Amino acid sequence: MKNKIKSVKGTYDLLPSEIYKWQEVENKLRSIFSLYNFLEIRTPIFEKSKLFSRSVGEFTDIVNKEMYSFLDKGKESLTLRPELTASVVRSYIEHNFQQISSIHKIWYYGPLFRQEKPQSGRYRQFVQFGAEIFGSAYPESDVELIDLAYTIYTQLGLKKWTLYINTLGKKKNRKKYIDILKESLLPYKDKLCKNCKNRFDKNILRLFDCKNRQCKKIMNEHAPLIIDHLSTEEKDYFEEVKSLLDKLNIKYEVDPTMVRGLDYYTNTIFEIRSENLGSQDALCGGGRYDNLVEDLGGSSTPAVGFAAGMERLLIAMEKEKLFKNESNKLDIFIAPMNENVRERAIQIVKEIRNNRYSVDMDFQRRSVKAMMREANRKNAKYSIVIGENELQSGEVNIKNMDSGKEKTVKIDRINDFLSK
RNA sequence: GUGGUUGUAGCUCAGUUGGCAGAGCGCUUGGUUGUGGUCCAAGUGGUCAUGGGUUCAAGUCCCAUCAUCCACCCCA
C-alpha cells in the first residue's frame, strides 16, 4: 500500500458495481417530483461564505466548525455548500422568481460538504435531495410538501420509518418561549450534563434532544412545551396541518419536543426517522421558513421545504433488502476469433448498435473459451462467435446464453433476428 | 472535537505460548483443432496500514502515526 493516494477522509467512491442502486433511486425521485409538478434547480457547489452564516445561523456548529471555506484569488471567503436551501433561496432572489410567478415548486439533488467526523450515515461529502415551495403561507403547502416526502419513502418501498411533526411558532413567540424556557430551567442548570450546560446559552431548544437520563427527567418535569406558548393563530395553523394530513391518510406522530438544527425554521417542522439506522437515523427533515427569503435580501416570501440524505436512504433500503440485482442490459456479445475477422466484427458491432441494441465485444484478443466466459460474466443475452467460416458463408450462429441453443442467421439479418 | 473498535491477497476472513504467509471466493490458463455457466487441475496474487522499539527471531509484544467503523457531539 505504499505510495497509493487514497480518497479524502469521509468521502467514498461509488463503484460501477453498485451505482445502479443510486440510479434506481434517482429515477424514482425524478418521476415522483414530476408527478407533484416540482421543477429541478441546480446551483453551484460553492457560494459566498456569508450566504450560510446569514441563513443557517452564525452560532450553529455547521457554520462555526464544519464549513469547508477558502479564500479565492480576490481574497473573498467562499464555502463548499453545507446545505442547499440557502443556495436555492439565493437563486430565487437573484433571478427575481417572485416576478415570474407568485408560486414556485422546486426540487434539487446534489453533493454537500461538512467537515464532521465520519460515521455510519455521515460523510464529509454527502448527497441530499430536497424540495421547496415558495409563495404560499397556507397549510396546504406544508401538507403538499410533507405528502411529497411521505410518498417518496412509501414508493421506494421502505417500511421501517416514522414521520414526526411539531410546530415552533413564529419568530416572535419563539423568542418569548425561549425566555420562559430559560427562566423555568435556570434553577436546574447546575444539575444538567456538561453538554446541556453549554447548550443552555447557545441553543437551549437542543436540551430537548439530550439522551442523558438526568437531563431528560429535568426536561420532562420542568420544561414548558412550546405548543403551550403559541398564539391561537399559530395553534390553528398547526391544527389545520394535522387535519389535512389526516384527510390524506398520512400517518404521523406529534413530537412536542422536536426542534431543528438550522435557525431559519418557523411554524411547522417535520422529520422522518428510520428505525434501523443507528444513531444517524434522520432520513429527512424540513419545515416552514417564512423569514428566510426576506432575511437574505428578497421580498417577504413564505416558504416550506425539506432536505433528505441519500446515503442514509441507501443504507436503510439495503437493510430492508429493497434492491434487486442489476438487470440484464447487454443484448449481445461478439467474439471475433482472429485478426482476419476482427475488422468485419467491428463493423457488425457498429451496425447492431445503430439499431439500438446494446453490444459489447472482445478487446483482448483472447481464446474462444475466454471470450465466452466474458460473455457469460457480462450477462449477455446472446453471443456470436465470428471466424473465417462465418465470413465465407455470410452466416453466423447466434447463441442464446440462457438456453445454450444456437440459431444460424445471415449476417445482414442479425437485427431482424433481435427484433423478433 | 471527545471516547472506544478494527486494520493480513481484488473480496470475506483464518493465522496456536513470538519460529518458512494461509483458506474460500475471484481472476488467468488448461482438461485435443472454434463455444460460457457445473465439474477437475494448475497458476496469478501480500513490504501482514505506516514508522519506530523489544527480541537470535515480530503478522503476533510495546509506542507513535494514519485510516476505518461505532457512540458522543452535530445533523439529512
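State the answer as a single residue: which of A:Y12, A:I165, A:N267 lies farthest towards the positive end of the charge dipole of chain A, with beta carbon charges of +1 for Lys and Arg and -1 for Asp and Glu, about the Cα centre.
After comparing all options, I get A:Y12.
Please express the Cα-Cα pair-distance distribution P(r) of chain A as a list of whole percents, one per 20 Å bin, running from 0 to the bin with the greatest distance.
Here the calculated profile for chain A is 21, 43, 23, 11, 1.
log₁₀ I(q)/I(0) of segment A:184-262 at q = 0.16, 0.19, 0.25 Å⁻¹, via Debye over equal Cα point scatterers, no solvent, to two decimals?
So the normalised log intensities are -0.71, -0.87, -1.17.
Which length gain, in nm to one decimal place, applies between A:N276 and A:E66 when the Cα-Cα distance is subtracted from 0.36 nm times their residue separation?
Numbers: separation 210, 0.36 × 210 = 75.60 nm, distance 2.64 nm.
Stretched out fully, the A:N276 to A:E66 stretch lengthens by 73.0 nm.
Within segment A:199-278, list the trypsin sites (Lys or Arg not before Pro) lying in a DSSP loop whose Cβ has at most 16 other Cβ atoms in a 10 Å radius. Working shown, then result.
Details: sites: A:R199, A:K202, A:R206, A:K211, A:R213, A:K216, A:K217, A:K235, A:K242, A:K247, A:K251, A:R260, A:R273; in loops: A:K211, A:K251, A:R260.
Loop-located and lightly packed - A:K211, A:K251.
Using the per-residue mean of other Cβ atoms lying within 10 Å as a proxy for protection, in what order, highest first, do the peptides A:147-160, A:393-406, A:83-96 fall?
Details: A:147-160: 17.1, A:393-406: 13.9, A:83-96: 19.5.
Ranking the peptides A:147-160, A:393-406, A:83-96 by packing returns A:83-96, A:147-160, A:393-406.
With all distinct Cα pairs included, what does the Kirkwood hydrodynamic radius of segment A:366-416 come out to in Å, to one decimal, could you say? Working shown, then result.
Values: mean 1/r = 0.0871 Å⁻¹.
Hydrodynamic radius (Kirkwood, Cα only) of segment A:366-416 equals 11.5 Å.
Restricting things to alpha carbons, find the Rg to Rh ratio for segment A:123-215 using the Kirkwood radius for Rh.
Dividing the radius of gyration by the Kirkwood radius yields 1.07.
Quick check: Cα centre of segment A:289-348 to Cα centre of segment A:215-267, how many Å?
35 Å
Mean shadow of segment A:53-161, computed from the convex hull of its alpha carbons, in nm²?
Values: hull surface 38.0 nm².
With every direction weighted equally, the projected area is 9.5 nm².
Across the Cα atoms of segment A:7-114, what radius of gyration and what greatest pairwise Cα-Cα distance (Dmax) are found, in Å?
Rg and Dmax of segment A:7-114, Cα atoms, are 16.5, 46 Å.
Hey, got the dipole for segment A:191-282? About the Cα centre, +1 on K and R Cβ, -1 on D and E Cβ, debye to the nearest 20?
Values: 16 positive and 16 negative charges, 159 e Å.
Dipole of segment A:191-282, to the nearest 20 debye: 760 debye.
Using the reciprocal of the averaged 1/r over all distinct C-alpha pairs, how large is the Kirkwood radius of segment A:25-76 in Å?
On the way: mean 1/r = 0.0719 Å⁻¹.
13.9 Å is the Kirkwood radius here.
Between segment A:1-31 and segment A:33-91, how far is it from one alpha carbon centroid to the other, in angstrom?
23 Å
Evaluate the Debye formula for segment A:217-362 with equal point scatterers sitting on the alpha carbons, no solvent, and hand back log10 of I(q)/I(0) at q = 0.12, 0.15, 0.16, 0.18 Å⁻¹, in q order, two decimals.
With one equal scatterer per Cα and no solvent, log10 I(q)/I(0) is -0.73, -0.96, -1.04, -1.19.
Just how large is the dipole of chain A about the Cα centre, in debye to the nearest 20, putting +1 at every Lys and Arg Cβ and -1 at every Asp and Glu Cβ?
On the way: 71 positive and 59 negative charges, 335 e Å.
Charge dipole of chain A: 1600 debye, to the nearest 20.
Taking only DSSP H segments of four or more residues, each worth -39500 (n - 2.57), what value at 222 nm results for chain A once the sum is divided by all its residues, to the nearest 500 deg cm²/dmol? List each step's numbers first, then the result.
Details: 16 runs with 162 residues, N = 420.
Value at 222 nm, helices only, nearest 500: -11500 deg cm²/dmol.
Place +1 on the Cβ of every Lys and Arg and -1 on the Cβ of every Asp and Glu in segment A:97-241, take the dipole about the Cα centre, and give the residue among A:Q99, A:P118, A:V143 whose Cα lies farthest towards its positive end.
Going by the charge dipole, the pick is A:P118.
Specify whether the C-alpha gyration tensor of segment A:325-420 places it in the rounded, prolate or oblate class, a ≥ b ≥ c being the square roots of the eigenvalues: rounded for a/c under 1.5, otherwise prolate if a/b is larger than b/c and oblate if not. Kindly include the intermediate steps, with their values, before the conclusion.
Working: a/c = 1.45, a/b = 1.15, b/c = 1.26.
In terms of gyration-tensor shape, rounded.
Can you give the local net charge around A:E221? Use residues other than it whose beta-carbon is closer than 14 angstrom to its beta-carbon, Lys and Arg +1, Asp and Glu -1. Intermediate results must be reported in sequence, preceding the final value.
Details: positive: A:K191, A:R213, A:K216, A:K217; negative: none.
Combined, the nearby Lys, Arg, Asp and Glu give +4.
Which semi-axes, in whole Å and largest first, does the equivalent ellipsoid of segment A:164-206 have when worked out from the alpha carbon gyration tensor as the square roots of 5 times its eigenvalues?
Working: eigenvalues 87, 31, 15 Å².
Result for segment A:164-206: semi-axes of 21, 12, 9 Å.
Between A:N400 and A:K324, with labels modelled 7 Å along Cα→Cβ, what's the label distance in nm to one decimal, could you check?
Output for this residue pair reads 2.0 nm.
Compute, for segment A:206-253, the length of the dipole vector about the Cα centre, with Cβ point charges of +1 (Lys, Arg) and -1 (Asp, Glu) only. Units Debye, rounded to 20.
Working: 9 positive and 10 negative charges, 103 e Å.
I would put it at about 500 debye.
None of the figures in this text is laboratory data; all of them are computed from the coordinates on show. Just so we're clear, the structure is a prediction, and the values are computed from it rather than from any experiment. A quick note on method: Cβ atoms are made from the backbone with ideal geometry, for glycine too, and the neighbour counts reach across all protein chains shown.
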